[in-house]
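The block underneath contains the structure these notes are about, expressed in structure tokens.
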Amino acid sequence: MSEQHPESVGETWRDVVATACRSASDGLVVGTSGNVSARVGDLVLVTPSGVPYDRLGPHDAVGVDLDGRQVIGELGPTSELPLHLAVYRSTDAAAVVHTHAVHATAVSTLVAEVPLIHYAAAILGGPVRTAAYARYGTPELAEAMLEALRGRTGCLLANHGTVTYGDTLDRAYERTAQLEWLCRLWLTASSVPGRTPALLDPAQLAEVTEALKGYGQPG
């Protein structure tokens, strides 16, 4: 494992805890469900198993290498560690957020792909897929997730929740929030009796994807 600077590790751990606390306050997780991680070089800082996020302090950091060997901390890492490591091994992700968001989880029980009801799907790389069900914490779940993530930065986990990643924790979290909103929107529209929501077609989504490349303030 490459050498890490204590300052960057400490700062990243604070950001991991802050993001986990935010997921709880925003109602995307309940209790100790869900988990958050961020990568610093060859080190992955990840929330521990079974500890309320608001009780985590600077000395509770949990860090593993990319093979899952714990190199920092006394608390055991989340049971979903295989899921996080699979993302880091297969993408250029610097952060991963996993939640049990209510609307997204509900949609994961209904469809193999989230219907294109809004162009927010472009933020996640296109139509969001649902990974086949597998028990939490298993290599099978990680494998199914990677298949659903092909060309995407987020997916649903059937009967389970969401996974998103990004080059920062903020971007990973924003994608989670957008995915939950997208699912809530579709559930709301599709619940109107006698009506079927109008959906975007692939060409319309592609147009938005291109437009988003110039979105925001110049850096």
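The values are calculated or read from the model by the stated rules, or taken from the named source; none is laboratory data. What you see is a predicted model; the values in this text were computed from it and never measured. We place every Cβ from the backbone using ideal geometry, glycine too, and count neighbours over all the protein chains shown. Accessible surface is based on the protein model in full, side chains and every heavy atom, while ligands, DNA and RNA are left aside. Shrake-Rupley method; radii C 1.70, N 1.55, O 1.52, S 1.80 Å.
Filtering segment 4-46 to residues that are more than 17 Å from T168 (Cβ to Cβ), β-branched (V, I, T) and either in contact (Cβ under 8 Å) with a residue 24 or more places away in the chain or part of a strand (DSSP E or B) (or both) leaves V29, V30.
Restricting segment 135-150 to residues that are free of Cβ contacts under 8 Å to residues at least 24 places away in the same chain and either within 16 Å of G34 (Cβ to Cβ) or of a type in the set (G, A, S) (or both) leaves a set whose member that is most open to solvent (accessible area, probe 1.4 Å) is A144. Scanning segment 86-134 for residues that are in contact with a strand residue (DSSP E or B) (Cβ under 6 Å, 6 or more places away or on another chain), assigned to a loop (DSSP other than H, G, I, E, B) and farther than 24 Å from L205 by Cβ, which turns out most open to solvent (accessible area, probe 1.4 Å)? Among residues in segment 86-134 that are in contact with a strand residue (DSSP E or B) (Cβ under 6 Å, 6 or more places away or on another chain), assigned to a loop (DSSP other than H, G, I, E, B) and farther than 24 Å from L205 by Cβ, the one most open to solvent (accessible area, probe 1.4 Å) is H100. The number of residues in segment 52-100 that are modelled with pLDDT under 95 and in contact with a Phe, Trp or Tyr (Cβ under 9 Å, 6 or more places away or on another chain) comes to 1.
Across segment 75-85, the qualifying residues are those that are open to solvent by less than 30 Å² (accessible area, probe 1.4 Å) and not in a loop (DSSP other than H, G, I, E, B), and the one among them that is nearest to A142 (Cα to Cα) is L83. Pull up segment 166-184, narrow it to residues that are of a type in the set (S, T, Y) and part of a helix (DSSP H, G or I), then point me to the one that is nearest to H118 (Cα to Cα). Only one residue tops the list, namely T176. Do the conditions hold for D67, that is, is it among the charged types (D, E, K, R), in a loop (DSSP other than H, G, I, E, B) and without any contact (Cβ under 8 Å) to a residue 60 or more places away in the chain? Judged against the criteria, D67 is a match.
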